[in-house]
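Working notes, structure below.
Quick note: the coordinates plus some simple rules give every number you see, no bench work behind them. Here the structure is a predicted model, which means the values were calculated and not measured. Using ideal geometry, Cβ is built from the backbone for each residue, glycine included, and neighbour counts are taken over all protein chains shown.
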Amino acid sequence: MNKDTDGGLQPGRDPDDIDAAQAALNRMRDAAAARGEIRRKAPPRPGSTQKPARSAGTRGFGQFHGTGRDPLGLGKVVGRLVAERGWSSPVAVGSVMAQWPALVGPEISAHCTPESFTDTTLHVRCDSTAWATQLRLLSLSLLEKFRVELGDGVVTSIQVLGPAAPSWRKGARTVNGRGPRDTYG
């Protein structure tokens, strides 16, 4: 390799004519040669015009699959990231919120919605006190379904919240008393 024509750094050369990528490649090649890692290509067979034979079972980029150089799909990359970072529990929590109608059914999901998740407790808000009572009765079967669908220990308890009544407090000062006479649900 002639260092005068390779685009690398040479003394007395104009800095505008320097190819940074070529210079970096030359430095890496020199470092590899210093370590004894010289790359040798197999000489071509005399009179042969065919491509070198590939090993069985490889196609295109598949030969790099074991080295980690093969481009991966987004699902595999995200799955690997979740596993490496230990995010499986938060992802499962997000799936409870996102898949709520599929997990509990259309009838329950029409009247009860998950609000938040604290540690392993799911907080669910119901639109009436009757549905809150119904969900408390169904909580054991729902916990079992969550265990089967999402894994052990993701949801260990369900805190059922009744309907949210509007606040009648306006301003910083209030008067003690009975307040509004409606039960809201």
Taking amide H positions as placed 1.01 Å from N in the peptide plane, with prolines and chain starts having none, which residues 5 or more places from R125, or on another chain, fall under 5 Å of its amide H? T113, E115, L161
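Can you give the local net charge around V78? Use residues other than it whose beta-carbon is closer than 13 angstrom to its beta-carbon, Lys and Arg +1, Asp and Glu -1.
Spelling it out: positives minus negatives among the neighbours equals +2.
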Using r as the Cβ-Cβ distance of V78 and R169, and R0 as 45 Å, what FRET efficiency do you calculate, to the nearest 0.05? 0.50
